[in-house]
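The structure appears below as structure tokens.
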Amino acid sequence: EEYPVETSPVFYIDPIHSQHFYLTPPLRKKLFDKYGVKSWRIYQKPGDAVFIPAGCAHQVCNLADCVKVAVDFVSPENLDRCSQLTQEFRNENERVTWKDDILQLSNMCWSAWEHTRQLESTTTS
């Protein structure tokens, strides 16, 4: 509603992955009132760490200069979800290039496989 597709300032709209939209307090209230989507505002102070579970949509507004440290965690339990997200990002890049394949899921799995094979060969010989 805020940005009808016809007048949107971006070429392709994916509200989760495109990172072209920022939810202001009035938009967050509207999300709750109209759709029941509850959001939380967190003020992170120096020394604080914030954990955002995999797959949770989130946005960041830096109130001061800061350094971001992000770690993508892949385990056997969330491999399917990571694969799905990787494919969604690739589909977006086919329309308009906007995000690198940061997770590098295929490389990560291959590396884990190679490491496992090396460990097996050293423990069985």
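The values are calculated or read from the model by the stated rules, or taken from the named source; none is laboratory data. Everything quoted here is computed from the prediction, not taken from an experiment. Cβ coordinates were reconstructed from backbone atoms using ideal geometry, including for glycine residues, and neighbour counts include every protein chain displayed.
Could you check region 36-82 and list, in sequence order, the residues that are of a type in the set (Asp, Glu) and either in contact (Cβ under 8 Å) with a residue 24 or more places away in the chain or not in a loop (DSSP other than H, G, I, E, B) (or both)?
Asp72, Glu77, Asp80
Please state which one of Asn93, Asn107 is at pLDDT below 85, part of a helix (DSSP H, G or I) and loosely packed, with under 11 Cβ neighbours inside 10 Å.
Asn107
So in region 48-76, with the set limited to residues that are farther than 23 Å from His20 by Cα and modelled with pLDDT under 85, which one is farthest from the chain's Cα centre (by Cα)?
Per the stated criteria, the residue is Pro76.
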